[in-house]
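Worksheet: the structure to be examined is printed underneath.
The values are calculated or read from the model by the stated rules, or taken from the named source; none is laboratory data. Note that the structure is a prediction, hence the values are computed from the model and not measured. Backbone-built Cβ (ideal geometry, glycine too); neighbour counts: all protein chains shown. Note: areas computed on protein heavy atoms with side chains; ligands, DNA, RNA excluded. Shrake-Rupley method; radii C 1.70, N 1.55, O 1.52, S 1.80 Å.
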Amino acid sequence: MLPEGELERKLKLGRPLRVKLGIDPTAPDIHLGFAFVLDRLAEFQRAGHTIVLIVGDYTARIGDPSGRSDERPVLPDEVLDANAKEFAEQAFRVLDREQTEIRFNGEWLGKLSYAEVVRLARTITVARILERDDFAKRFAAHEPISISELLYPLMQAYDSVAIEADIEIGGTDQLYNLLAGRDVMQDYGLDPQLVMTYPLLVGLDGEEKMSKSRGNYIGINEPPEEMFGKTMSIPDAALPQWWELLVDGYTHPDDPMQWKLELARRIVARWHGEDGARRGEEHFTRVVREHQAPDEVPEATLPDGDVIHLPALLVEHGAAGSTSEARRLIGQGGLKLDGEPVTELDLPRERLEGALIQAGKRRFIRFRGA
């Protein structure tokens, strides 16, 4: 919490505080790491304070460079809008819908004139901007940094001005942006916000932070079987942090496998209930530990043609995120046809009709002819 003692001062104001959290709509899913932060917001909400979710529909068109070694791609407007709507709906699994204020920052950023943007830009120097670790590294390496990226912290800071935030919450990677909000608010004659940051949950790889853009996450709306299996895939080294941030307050087994099983049960039960946790564990035991097919396997119709290109087929049915990922899976022996590894990228249609495809450890599809 920065600055020290500021929370106590804010709480003595005798009114509900406005607690701000920014949402990145570049993907529709809320993952477990973000849900941890939403839980902290819910604590403020239960104490009677006002939660303001800022959907960054406008700043997403710039792309948040925090923690990045390159510029983020900018998605089409209709994709951002659909993601923002779905993201907000998922947030209400944690927050009280009636007590949450949702604002889209295009509401005010889209109305700023050029003169107003220049006035905002005067609140911070280029030297200060380049203090950011990610910018500093890219600048030192002579890698390109666009002016739009340099403007991102200022745009996020102006959100705090627009809603007159008392507190802004974020992950530790957002510290620079949140502190910039204090500076800009003060320059606009407002009482600067208190900054509160929380630890970043590591992703499934146990190394990088859990992130939608990195694909190393568990979404809170994922099926119980997928959620359980993904949790069981994390390295043992990630167990202490996952336990502390996601299910703290309970004792855990000493054996890593039993500890991981208990972690998976509690995570799935949080989002899908005890029945969901049971289904997830049964599926994991049957498919991963006993190497059997699940009781229920989704069916799909093969596309037209006598020869089927497997990478495209896997992507079409959600068994791989991209054709390159599918090719990598096949090359590593991770694709099985009726239990036998497949190494070819193209197969005759007759080999796939009625066959059970297994992609990785947990994804199964049975294909039938048209």
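Being of a type in the set (D, E, K, R) and either open to solvent by 50 Å² or more (accessible area, probe 1.4 Å) or at pLDDT below 90 (or both) is the filter here, so list the residues in segment 139-172 that pass it.
Glu143, Glu149, Glu164
Scan segment 86-100 residue by residue and report those that are closer than 19 Å to Pro28 by Cβ and either at pLDDT 90 or above or surrounded by 14 or more Cβ atoms within 10 Å (Cβ to Cβ) (or both).
Glu86, Phe87, Ala88, Gln90, Ala91, Phe92, Arg93, Val94, Leu95, Arg97, Thr100
Pick from segment 328-365 the residues that are of a type in the set (Lys, Arg) and closer than 19 Å to Gly305 by Cβ: which of them is surrounded by the fewest Cβ atoms within 10 Å (Cβ to Cβ)? Working first, answer last.
As a first pass, look at segment 328-365 and keep what is of a type in the set (Lys, Arg): 328, 336, 349, 351, 361-363.
This time we only want the ones that are closer than 19 Å to Gly305 by Cβ, so: 349, 351.
Details: Arg349: 16, Arg351: 14.
Selected residue: Arg351.
Please go through segment 184-200 and give me each residue that is open to solvent by 10 Å² or more (accessible area, probe 1.4 Å) and within 20 Å of Gly33 (Cβ to Cβ), ordered by number.
Selection gives Met196, Thr197, Tyr198, Pro199, Leu200.
List the residue pairs whose Cβ atoms are under 6 Å apart, where the first residue sits in segment 312-324 and is at negative phi, the second is of a type in the set (D, E, K, R) and open to solvent by 50 Å² or more (accessible area, probe 1.4 Å), and the two are 6 or more positions apart or on different chains.
Ala319/Arg363
Quick test for you: out of Gly22, Gly33, Gly5, pick the one residue that is within 15 Å of the chain's Cα centre (by Cα) and closer than 22 Å to Val161 by Cα.
Numbers: Gly33 fails: closer than 22 Å to Val161 by Cα; Gly5 fails: within 15 Å of the chain's Cα centre (by Cα).
Sole residue among the options that is within 15 Å of the chain's Cα centre (by Cα) and closer than 22 Å to Val161 by Cα: Gly22.
Are any residues in segment 11-22 open to solvent by less than 10 Å² (accessible area, probe 1.4 Å), outside any loop (DSSP other than H, G, I, E, B) and among the hydrophobic types (A, V, I, L, M, F, W, C), and if so, which ones?
Val19, Leu21
Check segment 51-62 and report whether any residue there is open to solvent by 20 Å² or more (accessible area, probe 1.4 Å), in a helix (DSSP H, G or I) and modelled with pLDDT under 95.
Within segment 51-62 (the criterion being open to solvent by 20 Å² or more (accessible area, probe 1.4 Å), in a helix (DSSP H, G or I) and modelled with pLDDT under 95), the answer is yes, since at least one residue qualifies.
Could you check Asp248 against (1) open to solvent by 10 Å² or more (accessible area, probe 1.4 Å); (2) touching a His at 6+ places or on another chain (Cβ under 7 Å) and say which number it fails?
(2)
Testing Arg103 on (1) at pLDDT 90 or above; (2) assigned to a loop (DSSP other than H, G, I, E, B); (3) of a type in the set (Lys, Arg), one condition comes back false. Which one is that?
(2)
State all residues of segment 344-370 that are over 33 Å from the mean Cα position of the chain (by Cα) and either on the phi > 0 side of the Ramachandran plot or assigned to a loop (DSSP other than H, G, I, E, B) (or both); if no residue qualifies, say none.
Hits for segment 344-370 are Glu344, Glu353, Gly354, Ala355, Gly369, Ala370.
Collect the residues in segment 283-327 that are within 30 Å of Met257 (Cα to Cα), open to solvent by 40 Å² or more (accessible area, probe 1.4 Å) and under 26 Å from the mean Cα position of the chain (by Cα), keeping them in residue-number order.
Once the filter is applied, which keeps residues that are within 30 Å of Met257 (Cα to Cα), open to solvent by 40 Å² or more (accessible area, probe 1.4 Å) and under 26 Å from the mean Cα position of the chain (by Cα), segment 283-327 yields Gly318, Gly321, Glu325.
Here is a check on your reading of the model: is Lys111 open to solvent by 60 Å² or more (accessible area, probe 1.4 Å), assigned to a helix (DSSP H, G or I) and of a type outside the set (Val, Ile, Thr)?
no
I'd like the full set of residues that are of a type in the set (Lys, Arg) and in contact with a helix residue (DSSP H, G or I) (Cβ under 9 Å, 6 or more places away or on another chain), limited to segment 340-364.
Within segment 340-364, the subset of a type in the set (Lys, Arg) is 349, 351, 361-363.
Answer for segment 340-364, where residues must be of a type in the set (Lys, Arg) and in contact with a helix residue (DSSP H, G or I) (Cβ under 9 Å, 6 or more places away or on another chain): Lys361, Arg362, Arg363.
Restricting the search to segment 114-125, which residues are under 16 Å from Gly181 (Cα atoms) and surrounded by fewer than 12 Cβ atoms within 10 Å (Cβ to Cβ)?
Arg122, Thr125
For Glu226, indicate whether it is in contact (Cβ under 8 Å) with a residue 40 or more places away in the chain, closer than 17 Å to Arg270 by Cα and out of contact with any Gly (no Cβ under 6 Å at 6 or more places or on another chain).
Criteria met by Glu226.
Tally up the residues in segment 289-302 that are without any contact (Cβ under 8 Å) to a residue 60 or more places away in the chain and assigned to a loop (DSSP other than H, G, I, E, B), please.
Going residue by residue through segment 289-302, those that are without any contact (Cβ under 8 Å) to a residue 60 or more places away in the chain are 289-292, 295-296.
If we keep only those that are assigned to a loop (DSSP other than H, G, I, E, B) too, we end up with 290-292, 295-296.
Residues flagged as without any contact (Cβ under 8 Å) to a residue 60 or more places away in the chain and assigned to a loop (DSSP other than H, G, I, E, B) within segment 289-302 amount to 5.
From the list Gly229, Gly273, Gly181, which residue is open to solvent by less than 60 Å² (accessible area, probe 1.4 Å) and within 20 Å of the chain's Cα centre (by Cα)?
Gly229
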